[in-house]
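The values are calculated or read from the model by the stated rules, or taken from the named source; none is laboratory data. As the structure is a prediction and not an experimental result, all values here were calculated from the model. Please note: Cβ atoms are built from the backbone with ideal geometry, for glycine as well, and neighbour counts cover all protein chains shown. Surface areas here come from the heavy atoms of the whole protein model, side chains and all, with no ligands, DNA or RNA. Shrake-Rupley method; radii C 1.70, N 1.55, O 1.52, S 1.80 Å.
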2 protein chains.
Amino acid sequence: MVARMAESWTQEDLSPIRDKVYAYLKDAILRGEYKAGDRLVERVLAEKLNISRTPIREALFRLETQRFVRTVPRKGVVVNEITQAEILEVFMILASLESLAARLAAQKVNDEIAGDIDRLIAEIDAALDNGGGDEVELNVQYNELIGRAAGNPKLHEMLVDLKDYVRAFSNLSSALPGRTKEALREHKDILGAIRNGEEDLAESFTRIHLEKSRKAYMSRSHV
Amino acid sequence: MVARMAESWTQEDLSPIRDKVYAYLKDAILRGEYKAGDRLVERVLAEKLNISRTPIREALFRLETQRFVRTVPRKGVVVNEITQAEILEVFMILASLESLAARLAAQKVNDEIAGDIDRLIAEIDAALDNGGGDEVELNVQYNELIGRAAGNPKLHEMLVDLKDYVRAFSNLSSALPGRTKEALREHKDILGAIRNGEEDLAESFTRIHLEKSRKAYMSRSHV
DNA sequence: ATAGTAAATTACGTTAACAGTTTAACATTT
DNA sequence: AAATGTTAAACTGTTAACGTAATTTACTAT
């Protein structure tokens, strides 16, 4: 039938252009292609992506409410420059919310989640032995698992946003060489505590983990 | 000088229309003028406010990223209906972040903040004696004070957003008759703990306060 | 009378054009 | 040569119009 083909086509194309632009720009900022202070000129972007200015503007407004860019009235939008102080503020908030998530996950752990945790721990072990693996992917899985286990989608969403925010403005993408392995081990400890339903331990481990991450970031950015 | 006059004039008119529309719509949602499920038709709003659709759209996009409305592609935007579960999720997050703020405030308390706290406590006492006063204003002052004392603007901003969110979708504006006085007393306890630099106490009081607020909300919404 | 279909209406998605402001270059004057 | 005034280019803010998809309405045929 033609209808089905048309449906799959429109389905693909149903997402407004603004969403694609938003994804493109956010990714570019997260990857460091656009750096703090860079101007994002609507017409330039419109020509580059071969669309009109409107979807660009709409994407920029979304980035503005998430503080990735700031718009100066009548002047334009620039990639936000962020102070070290603000990053430390976010680390503090992250510590609070991540430990909450860990505690909730430990409270609500069940057989299904436990199985998922076992699988992820096994993958982490393998990565630690083989000296690497895809740490980024493991990190994503870790966050997804905790988010699901905590049973609080709103919390998960906020955590994702906050981590994106930190990542964008601290160039944490290529983290410290020794730190990734350490982080994996810390994740293992947290997952183990959650698996056993030990709320207090899961929360403490998470707080320690975030504190170490913060120190690693600070020692790096002071160079 | 002409320059100063011109400056104050442009200052006034510098804010784009979209900001005014955003303020108008958000206020309307917070006041309950637009309720969950109501459609917000761009053209209708544009005619009502005597402007074109574009600033309307821009304001709606901002409201969308803050989850006050949701837009269905090709259909339009409606005021978000929120589940009870999600409100409870937000209460949990609020408890975590507010207790963090209270702890930080207690850590960083100084003479200036202590003086402000004393003044606010005196106002609360007066309100409690006179049987009321402007509780809403006292609430705002309480939040501003804690936000300032905690020295974490990002945290303060998130708290404001989350509270707006809860307020919009729980019709908490006209709270329970007995609850406002109780809340004022709890605020007093928290402020006292902060004033004395007692971190643990400030955090505990805040957790208890939020837990009571949650229960009050739940008992109310189950009617 | 009902069901199915076609037309008209509605409303969003996008584009293009216009208006107003800011920035920058340039010329003029001291 | 420096400073100031003027002009032009660039960019955002806003409007209006067009295209398209979805919904509703009305009409026709059974």
May I ask you to say which residue of B:188, B:181, B:212 is under 23 Å from residue B:84 (Cβ atoms) and either surrounded by fewer than 17 Cβ atoms within 10 Å (Cβ to Cβ) or touching a residue at least 12 places away in the same chain (Cβ under 8 Å) (or both)?
B:212
Counted residues in region B:69-92 being under 23 Å from residue B:40 (Cα atoms), of a type in the set (D, E, K, R) and either facing another protein chain (nearest Cβ under 10 Å) or in contact with a Leu (Cβ under 6 Å, 6 or more places away or on another chain) (or both) come to 2
Residue A:103 open to solvent by 30 Å² or more (accessible area, probe 1.4 Å) and not assigned by TED's automatic domain parsing to the domain that holds residue A:150
no
Failed criterion for residue A:195 (all others in (1) open to solvent by 60 Å² or more (accessible area, probe 1.4 Å); (2) modelled with pLDDT under 95 hold)
(2)
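Taking the conditions exactly as written (touching a residue at least 40 places away in the same chain (Cβ under 8 Å) and out of contact with any Pro (no Cβ under 6 Å at 6 or more places or on another chain)), does residue B:29 satisfy them or not?
So residue B:29 passes the test.
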Please go through region A:67-87 and give me each residue that is of a type outside the set (D, E, K, R), open to solvent by 50 Å² or more (accessible area, probe 1.4 Å) and closer than 17 Å to residue B:158 by Cα, ordered by number.
A:85
Hey, residue A:91 among the aromatic types (Phe, Trp, Tyr) and more than 30 Å from residue B:58 (Cβ to Cβ) or not
yes
Could you tell me which residue of region A:68-88 is nearest to DNA strand D (Cβ to nearest atom), considering only residues that are more than 16 Å from residue B:58 (Cα to Cα) and of a type outside the set (A, V, I, L, M, F, W, C)?
A:75
Limited to region A:59-76, what total is found for residues that are out of contact with any Asp or Glu (no Cβ under 7 Å at 6 or more places or on another chain) and touching a residue at least 24 places away in the same chain (Cβ under 8 Å)?
8
Inside region B:13-60, the number of residues satisfying the requirement of being touching a Ser or Thr at 6+ places or on another chain (Cβ under 8 Å), open to solvent by less than 50 Å² (accessible area, probe 1.4 Å) and more than 8 Å from DNA strand D (Cβ to nearest atom) is 3
Could you pull out the residue among B:45, B:60 that is under 19 Å from residue A:53 (Cα atoms) and either aliphatic (A, V, I, L, M) or touching a Pro at 6+ places or on another chain (Cβ under 7 Å) (or both)?
B:60
Only one of (1) touching a Leu at 6+ places or on another chain (Cβ under 6 Å); (2) within 14 Å of chain B (Cβ to nearest Cβ) does not apply to residue A:156, and that is (1)
